[in-house]
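I have a structure here, written as structure tokens, and I will follow up with some questions on it.
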Amino acid sequence: MTTFDLLLQQTINGLSLGAMYALLALGFTLVYGILELINFSHFNVFMVGSFVALGVLQMFGLSGQDVILTGLPLFGVLLVAFLVTMAFSGVLGVVIERLCLRPLRNVKGPAAMITTIGVSYILFNVILLTVGADSKNFPNPLPSIRYHIEGAVLDFRVLLIWGIALLLMAGLYMFVQRSRIGKAMRATAQDAEAARMMGVEVDKVIMMAFFLGSALAGAGGLIFGLYYNFTSFIIGFTAGLRAFTAAVLGGIGNVPGAMVGGVLIGLIEAMSSQFIATAWTDVIIFSILVLVLVFKPAGLFGRIAPNKS
Amino acid sequence: MLTRREAAQILLAAAATAAAGTPALAADKTVKIGADLSLTGADSQGASRVRNALIMAFDAANEGNAIPGYKFELMTLDDGTATAGQYDPAQAATNARKMVSDKDVVASIGPQMSGAGKAMTPILSQGGLATITPSSTNPDITSPKFAEQYRPAGKPIYFRTVTTDAYQGPNMANFFAETLKVKSVYILDDSGAFGVGVADSFQKQAEAKGVKIAGRDRLDPKAADYTAILTKIKSMNVDSIYYGGVSQAGVKLAKQAYDIVPTVIKGGPDGVTSADFLSGAGFPAVEGWYTSIAAPHLVEDTKAAQFVEAFKGKFGDAPDDYTITAYDAALVIIDAVKRLVAAGKPVTRETVRDSIQTAKVPTIQGIVSFDANGDLADRTVSVFQIKKDTTKPLNDVSAQYKYITVAPQS
């Protein structure tokens, strides 16, 4: 492999990681934009999503690596898997909001954030105790088609994941920009009080933010499983922390910022493994985060909404 | 007239006769044995087998009245935590304190993991409590070089019924160089005490054997993505990869290595000789991996046939080699206490430790005896290769790992 091939291959690796981080980062950003709350339960909504997806695929009779689907059946299975996983995760997010966070809405201080950490651990332990600690083999129904670009290899799987992630992110962006409830979300993010006075149902908007963010995390969980062919109760932490970093890097509360931040973190991770050492990845990621925050405290893109303070 | 003292003596004698006449009286002295195992998390399957082996050994001793007047009682503690997802050294240290502070505990078995062992030994040493590990293989723990750290009170308290990575890593390096004839190797570890240690010792011996070390890197076991480092390895055109670590990172490494570097020879230590590795990574990713264990291969050995059958019959689960070394560890403790009682000595932590030190016990793996540091006198490392056997469950360690050979010793 030439240096060019290597760079190309690591870019492909980094973009795949980045797509997943970006989907997760969006959930942090949506909720933060509206509630100014860092929702740590998001880490493990992602993890639960991957187990829901595993269950759905198993219901289709897929297990292990032996069943390969193509054409319409593949499309159908994936469509159902994404819809069910996203719906389940979205509802899980709404339930968490309704049961654990709404009662604390008017409590000042870190109570709500600490609650999200608690919820995160509850999800984590429930999965650990019900499905067990060992890594679960995740079915891979995608045909193994490989494209060679120069010396680099691009798997069909990777293309599909990029496509789905882009589609979801574009859909979210359009929704937030164009739809009625999207406008209400932006209005609430700018000034909840004023939005309420203008007749925006703030509770509904908050529920929507949790639903959308958690549904994307669920989609991320399914993509994680398809890409890595395993899932385990522990996958939420590293992915969640890096996605959170991505959201902060892009400017937390900023939707396009979260996408760009996710892709950047993915690329940094791949390149630092190539040119420095995997062992140093976290040091490098977080050093870059600190540097960006020192010089641009609002993140690369800043917040779209002016700071409410 | 009877004096008061004579009367007391007669009464005592009568009581003693009564006691001897009825077996398994409450008057039996209880010998409490601690056990520290990783029952929660990624290594839980192996841990519950070890627990079952210990239950089997001590129940047999109690029911067979192996030491008249003494009964064994097992106190099992879990060093795995949900947060760590596997063994947690801090929990292991807490467990060690718990055992030491219970003055009835005279010996212990475990831990399974070297990382836990490192956290426990200073506490066990201060408490004078000997432990026998059935599977932790990091050599530092028993090495005189680190005596100040791991046995501050002086005497060796960490015994093993397996050999150490001082042999597991190097003997596997010999196998790579002499048997597989590899010319270059990229070495990875999983950042744990065990993984780093075994990878270091592999690296040293591979260098000595003239194998080119293409590089060395460390994996974060909680991260999911190793494609970047594997792409880097691919660009180096190495013959082989050696991974020092356990299954948490190993599963992901095996899967992604199969996609990126399918033809490169891959090997690892006993940390990837497990059902978790097979079921987590699955076929075809694990096919062809070479793995080792720091013990003779016993479950297929005729010497162990009787034990294997009894174990399957009792628990409905096939034992692995470290289940047998755990059973052996229990036999060593039973024998140590038996010799003390036979010699009329008191059964205390100190005497049990000394008795273990001088053990020469016939066990399933053969005669177990220890060197001056507590290491097993026998240094056998066995090598396996994963080959799919579709007639058996795909996560059955004894069916899917084919025994190859005893690794060449240096």
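Laboratory data are not the source of any read-out in this text; all were calculated from the coordinates shown. Treat the numbers as computed from the prediction; the structure is a model and nothing was measured. Virtual Cβ from ideal backbone geometry, glycine too; neighbours counted across all protein chains shown.
Excluding residues fewer than 8 places away in the same chain, name every one of the lysines whose C-alpha is closer than 17 Å to that of B:Lys312.
B:Lys303, B:Lys392
Looking at the protein assembly as shown, I'd like the Rg to Rh ratio, where Rg is from alpha-carbon atoms and Rh is Kirkwood's inverse mean 1/r. Walk me through the numbers before you get to the answer.
Working: Rg = 29.1 Å, Rh = 27.8 Å.
Here the Rg-to-Rh quotient is 1.05.
List the residues, sorted by chain then number, that are 5 or more residues from B:Ile33 or on another chain and whose placed amide H is less than 5 Å from its amide H.
The answer is B:Glu73, B:Leu74, B:Met75.
Follow-up question, since we're still on this one. If amide H atoms are built 1.01 Å from N in the plane of the peptide, which residues on other chains or at least 5 residues away come under 5 Å of the amide H of B:Arg160?
Answer set, sorted by chain and number: B:Thr133, B:Leu376.
Which residue fluctuates the most in chain A, going by a Gaussian network model with Cα springs under 10 Å, if the choices are A:Met113, A:Met198, A:Met185?
A:Met198
Assuming R0 = 45 Å, can you tell me the calculated FRET efficiency for the pair A:Asp203 and B:Thr83, based on Cβ-Cβ distance, to the nearest 0.05? Kindly include the intermediate steps, with their values, before the conclusion.
Numbers: r = 34 Å, r/R0 = 0.75.
The pair A:Asp203/B:Thr83 has a calculated efficiency of 0.85.
Here is a follow-up. Quick one: length gained pulling B:Lys402 to B:Leu74 fully straight, 0.36 nm per residue minus the C-alpha distance? If you can, show how the numbers build up before the last one.
Values: separation 328, 0.36 × 328 = 118.08 nm, distance 3.42 nm.
So the chain would gain 114.7 nm between B:Lys402 and B:Leu74.
How far apart, in nanometres, would the label points at B:Lys345 and A:Phe60 be if each is projected 7 angstrom from Cα along the Cα-to-Cβ direction?
Using points 7 Å along Cα→Cβ, the separation is 6.7 nm.
May I ask you to derive the relative contact order of chain A, considering only C-alpha pairs under 8 Å and at least 6 residues apart, and to give it as an integer percent? Don't skip to the end; give the middle numbers.
Working: 522 pairs, mean separation 112.9, N = 309.
So the answer I get is 37 percent.
Long-range amide H contacts for B:Gly268: which residues qualify at under 5 Å (H placed 1.01 Å from N, peptide plane, sequence gap of 5 or more or a different chain)?
The list, which skips near neighbours in sequence, is B:Tyr243, B:Tyr290, B:Thr291, B:Ser292.
May I ask you to compute the full-extension gain from B:Lys29 to B:Thr94, defined as 0.36 nm times their residue separation minus their alpha-carbon distance, rounded to one decimal in nm? Intermediate values should be presented prior to the final figure.
Numbers: separation 65, 0.36 × 65 = 23.40 nm, distance 2.70 nm.
In short, 20.7 nm is gained.
So if I place +1 on the C-beta of Lys and Arg and -1 on the C-beta of Asp and Glu, and nothing else carries charge, what would the dipole magnitude of chain B be about its Cα centre? I want it in debye, nearest 20. Working shown, then result.
Details: 42 positive and 43 negative charges, 107 e Å.
Here the size comes out at about 520 debye.
Could you list, in their original order, any pairs among B:Lys103/B:Lys345; B:Lys234/B:Lys266; B:Lys232/B:Lys266; B:Lys71/B:Lys118; B:Lys118/B:Lys155; A:Lys136/B:Lys234 whose Cα atoms are separated by more than 20 Å? Spell out each step's value before the answer.
Working: B:Lys103/B:Lys345 18 Å; B:Lys234/B:Lys266 13 Å; B:Lys232/B:Lys266 16 Å; B:Lys71/B:Lys118 30 Å; B:Lys118/B:Lys155 16 Å; A:Lys136/B:Lys234 27 Å.
The answer is B:Lys71/B:Lys118; A:Lys136/B:Lys234.
Here's something else I'd like to know. Remind me, relative contact order of chain B in percent, using alpha carbon pairs under 8 angstrom and six or more residues apart? Walk me through the numbers before you get to the answer.
Values: 852 pairs, mean separation 66.9, N = 410.
Contact order relative to length: 16 percent.
Please average, across the residues of A:3-14, the number of beta carbons from any other chain that are within 10 Å of each residue's own beta carbon, and give a whole number.
What the average comes to for A:3-14 is 3.
Another one. To the nearest 10 degrees, how steep is helix B:321-342 against the longest Cα principal axis of chain B, on a 0 to 90 scale?
20 degrees
Computed on alpha carbon atoms, what radius of gyration and Dmax characterise chain B, expressed in Å?
Calculated on Cα positions, Rg and Dmax stand at 23.1, 100 Å.
Using θ = phi - 60° and the Karplus relation 6.51 cos²θ - 1.76 cosθ + 1.60, list the HN-Hα couplings for region A:149-165 in order, rounded to whole Hz, with x at every Gly or Pro.
10, 6, x, 9, 10, 10, 7, 4, 3, 5, 4, 4, 5, 4, x, 5, 4
Still on this structure, I have one more. Give me the dipole magnitude in Debye, nearest 20, for region A:10-295 about the Cα centre, with unit charges on the beta carbon: positive for Lys and Arg, negative for Asp and Glu. Write down the numbers at each step before the final one.
Numbers: 14 positive and 12 negative charges, 123 e Å.
Charge dipole, region A:10-295, about its Cα centre: 600 debye, nearest 20.
Moving on to the next point. Nearest 10 degrees, 0 to 90: what angle lies between the long axis of helix A:235-250 and the longest principal axis of chain A (Cα atoms)?
60 degrees
Read phi for every residue in region A:44-52 and hand back ³J(HN,Hα) as whole Hz from Karplus 6.51 cos²θ - 1.76 cosθ + 1.60, θ = phi - 60°, with x for Gly and Pro.
Computed from phi, the couplings for region A:44-52 are 9, 5, 4, 5, 4, x, 5, 6, 4 Hz.
So what's the angle, to the nearest 10 degrees on a 0 to 90 scale, between helix A:3-35 and the longest Cα principal axis of chain A?
Computed tilt is about 20 degrees.
Mark the label point 7 Å from the Cα of B:Lys155 along Cα→Cβ and return the residues of region B:34-75 whose backbone N is within less than 20 Å of it.
Zone members listed by number: B:34-35.
Using r as the Cβ-Cβ distance of A:Ala194 and A:Leu104, and R0 as 22 Å, what FRET efficiency do you calculate, to the nearest 0.05? Intermediate values should be presented prior to the final figure.
Details: r = 23 Å, r/R0 = 1.03.
About 0.45, to the nearest 0.05.
From the backbone phi of region A:251-262, what are the Karplus-calculated ³J(HN,Hα) couplings (6.51 cos²θ - 1.76 cosθ + 1.60, θ = phi - 60°) in whole Hz, Gly and Pro given as x?
Using θ = phi - 60°, the values come out as x, 5, x, 10, 5, x, x, 5, 5, 5, x, x Hz.
Considering the dipole of region A:42-193 built from charges on the beta carbon (Lys and Arg +1, Asp and Glu -1) around the Cα centre, which of A:Val119, A:Phe51, A:Tyr147 is farthest to its positive end?
Among A:Val119, A:Phe51, A:Tyr147, the one farthest towards the positive end of the dipole of region A:42-193 is A:Val119.
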